Amino acid sequence: MAAVTQPLTHTASDGDDGRLFALHGSGAAGAAGSLAWLWRLGPVRSTPAPDAVAIGTVDEAGELAGLLGARRLAGVVVLAAGAGPADGAVPGRQVASGVASFGRRARVSGDFTVFRGGAAAASSSLGVHAVRDGRTLVLGIDPETAWTQLRAFWALRALADFLPGALERPLVTLPPVGCARVDDLPGTAQLQVEERAKPDWRQQARIRLLRAVYGSAGARLNVAVASGALAGGEKVPLDEVWPRSTAVLAAGVRSGAFEPVCHGWLHLDPDELEHGRVQFREFLELDEAEAGRRLDAAMAWQESVLGARPATFVAPAWGYSEGALAAAAARGLPAWQRPALVPMLHRGNPHESVDSGFRGMQKLDYEPFTAMAALGLPPTPVLHGGLFDLRVPQLRADRDFVTLLRLLAWRDILRLPRVRGVRWVGAGELVDLLRDHDRIAVRGSEVTLNDARHAVVVPAR
């Protein structure tokens, strides 16, 4: 890959310049749109073209093969999950379960589609996960989830090896960055009501360690903090309950180790609480006026106590009403959304790139993050503690008590800054990168960077 620094002439792509095609109503349309945005391939076409590659499902493979044979397409990518017989360009396939090693430390586990024939385009210790036959690439991934699941990280490399040659044009990627976030520091009203909140002294020590680790690595950890808490049944500012912890958070913000993210006002619906119900999705039912009032209070508290205005907002469990989204937009506050097969910056709001449950993650193998970042998909791990959310049940199910002990000594959140090949950035910087990336245009072999000096180009081969 090579960085591109020169501006060229074009400033926009139109529908006719799109280089990916999906059939109307295709189950792979989301994957096509996500990929087209990620690698700046223009809008997804609704009609085939001799210089476009189709993305389709196994049920559409025959129709797409016909278009390719008639030279109405430059190539075809088929997303084929699950077991099935050979059919045209799609070899017979079966499901293999276990640990798939894509390299010494690039291992994931689960159920995988593997092919029984064809020229391998991606392989692991379990078998062949992708096959290529001339201008057709078949990937054993689910078109509804694709690379939003960690297990499918390998598919991006197979696509990056196939598309530039088939399209005879470059791919343009984001730089190798990631965006790590920890939610609910140092605690929330929800945790207080559920009697799961940690004491101030303990959270202070934990936050001090995070500041030291991220600061020494030149990395930035995003800290999603609610502004309020409960004391004696009354709503109070967070720093009245966790004063020492918030002081250390503020010191981390000043040093650049932390970036604050708005996580709401109370992390609890007080009206529901009055009826004895715990509803932590604070913004789920709010109109724009009330959502705006709470956002204003939360942002003012963060700016006053933590020393910086948050650049982004994440509602608890992505629980947004339309009013909450409108209030955030009116304040220029991008709202984080759950992982989905859409552009990573969609309607002004960033999407997390991968399911942070990390189902199938193996031992201390963070190599999938490196592989994702190298191809321009920023990993966006979100934690609610020191370990990834599903770590303990997964390790117990695997009876991998050695890894569990190693993680208890030095947890996932402390290991992330040392993942090779990934620069961990603040959410504000990532959103700026996504906005600049959105302005890049590619026509033929010409790349127009506009403001996106970050761009990395994968040339046609």
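Every helix of 4 or more DSSP H residues in the chain counts as -39500 (n - 2.57), and over all residues that averages to -8500 deg cm²/dmol at 222 nm. Counted over the chain, the DSSP beta bridges are approximately 55% antiparallel. Antiparallel beta bridges, as assigned by DSSP with both residues in the stretch 177-435, represent about 30 percent of the total such bridges.
Multiplying the residue separation of Glu446 and Ser97 by 0.36 nm and subtracting their alpha-carbon distance yields 121.3 nm.
Please figure out what share of the DSSP beta bridges in the stretch 217-369 is antiparallel and state it in percent, rounded to the nearest 5.
45 percent
Helix 243-255 against the longest principal axis of the chain: what's the angle in degrees, Cα atoms only, rounded to the nearest 10? Helix 243-255 sits at roughly 50 degrees to that axis.
Please report the equivalent ellipsoid semi-axes of the chain, computed as sqrt(5 x eigenvalue) of the Cα gyration tensor, largest first, in whole Å. It would help to have the intermediate numbers written out before the result.
On the way: eigenvalues 329, 126, 83 Å².
Semi-axes from the Cα gyration tensor: 41, 25, 20 Å.
Given charges of +1 on the Cβ of Lys and Arg and -1 on the Cβ of Asp and Glu, with all other atoms neutral, how large is the dipole of the chain about its Cα centre, in debye to the nearest 20? It would help to have the intermediate numbers written out before the result.
Values: 50 positive and 49 negative charges, 422 e Å.
Dipole about the Cα centre, nearest 20: 2020 debye.
Overall, the stretch 20-168 carries a charge dipole of about 500 debye about its Cα centre when +1 sits on the Cβ of Lys and Arg and -1 on the Cβ of Asp and Glu, all other atoms neutral.
Here, the stretch 181-243 has an Rg and a Dmax of 12.7, 41 Å when only alpha carbons are counted. Restricting the calculation to alpha carbons of the stretch 320-461 gives Rg and Dmax of 18.0, 53 angstrom. Taking the longest Cα principal axis of the chain as reference, the axis of helix 155-167 is set at about 50 degrees. In the stretch 177-435, a dipole from Cβ-located charges (positive for Lys and Arg, negative for Asp and Glu) runs towards its positive end, and of Ser321, Ser356, Pro368 it is Pro368 whose Cα lies farthest in that direction.
Largest first, the three principal axis extents of the alpha carbons in the stretch 60-105 are 42, 24, 11 Å in whole numbers. Basic side chains Lys and Arg get +1 at the Cβ, acidic Asp and Glu get -1 at the Cβ, and with that the dipole of the stretch 177-435 about its Cα centre reaches some 1360 debye. Please work out whether the stretch 232-329 counts as rounded, prolate or oblate from its C-alpha gyration tensor, where a ≥ b ≥ c are the square roots of the eigenvalues and a/c under 1.5 means rounded, while otherwise a/b larger than b/c means prolate and anything else oblate? The shape class here is oblate. Of the residues Leu126, Thr57, Gly233, the one whose Cα sits farthest towards the positive end of the charge dipole of the chain is Leu126 (charges of +1 on Lys and Arg Cβ, -1 on Asp and Glu Cβ, taken about the Cα centre).
The mean sequence separation of alpha-carbon pairs under 8 Å and at least six residues apart, normalised by the residue count of the chain, gives a relative contact order of 20 percent.
Length available on full extension from Leu209 to Glu194: 0.36 nm per residue minus the Cα-Cα distance, which gives 2.8 nm.
Read the figures in this text as sums done on the coordinates, not as results from a lab. Owing to the predicted nature of the structure, the values given are computational and were not obtained by experimental measurement. For neighbour counting, all protein chains shown are included, and Cβ atoms are generated from backbone atoms with ideal geometry for every residue, glycine included.
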